[in-house]
1. Using a Förster radius of 22 Å, what is the FRET efficiency between LYS10 and LEU31 based on their Cβ-Cβ separation? Nearest 0.05, please.
2. May I ask you to derive the relative contact order of the chain, considering only C-alpha pairs under 8 Å and at least 6 residues apart, and to give it as an integer percent?
3. Between rounded, prolate and oblate, where does the chain land on the alpha carbon gyration tensor, with a ≥ b ≥ c its root eigenvalues, rounded for a/c under 1.5, else prolate if a/b exceeds b/c?
4. Could you give the dipole magnitude of the chain about its Cα centre, charging the beta-carbon of Lys and Arg +1 and that of Asp and Glu -1, in debye to the nearest 20?
5. Cross-link partners among lysines for LYS8, C-alpha distance below 25 Å, same-chain residues fewer than 8 apart left out?
6. Which one, ALA33, PHE55, MET44, projects farthest toward the positive side of the charge dipole computed for the chain from Cβ point charges (K/R +1, D/E -1)?
Amino acid sequence: MSAGERAKAKAEQIVGKTVRTAAHAMHKETLAAKGAALEARGNMRGTKEQAKGSFKR
């Protein structure tokens with residue numbers, strides 16, 4: 001897994017979780033959904049990179 005892609009995935013996960021948590025605190029459900037989607041995209045990116053890394057070996 002490339003370090004850049006791994007960092008991007010982790011950043012998306014952290015930002016998504018932060019946005020989701022803050023939006024829930026402010027009762028902004030639309031924004032919370034966008035944060036959850038960003039977090040899910042980060043999780044998928046991380047999973048994809050792990051899969052690519054396992055096939056290279």
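Every number here is computed from the coordinates shown, using simple stated rules; none is lab data. Just so it is clear, the model here is predicted, and its values are computed rather than measured. In this analysis, Cβ positions are derived from the backbone assuming ideal geometry, glycine residues included, and neighbour counts consider all displayed protein chains.
1. Values: r = 21 Å, r/R0 = 0.97.
That gives a FRET efficiency of 0.55.
2. 46
3. Values: a/c = 5.28, a/b = 3.09, b/c = 1.71.
Prolate.
4. On the way: 13 positive and 5 negative charges, 53 e Å.
Taking the Cα centre of the chain as origin, the dipole is about 260 debye.
5. LYS8 reaches LYS17, LYS34, LYS48, LYS52, LYS56.
6. PHE55
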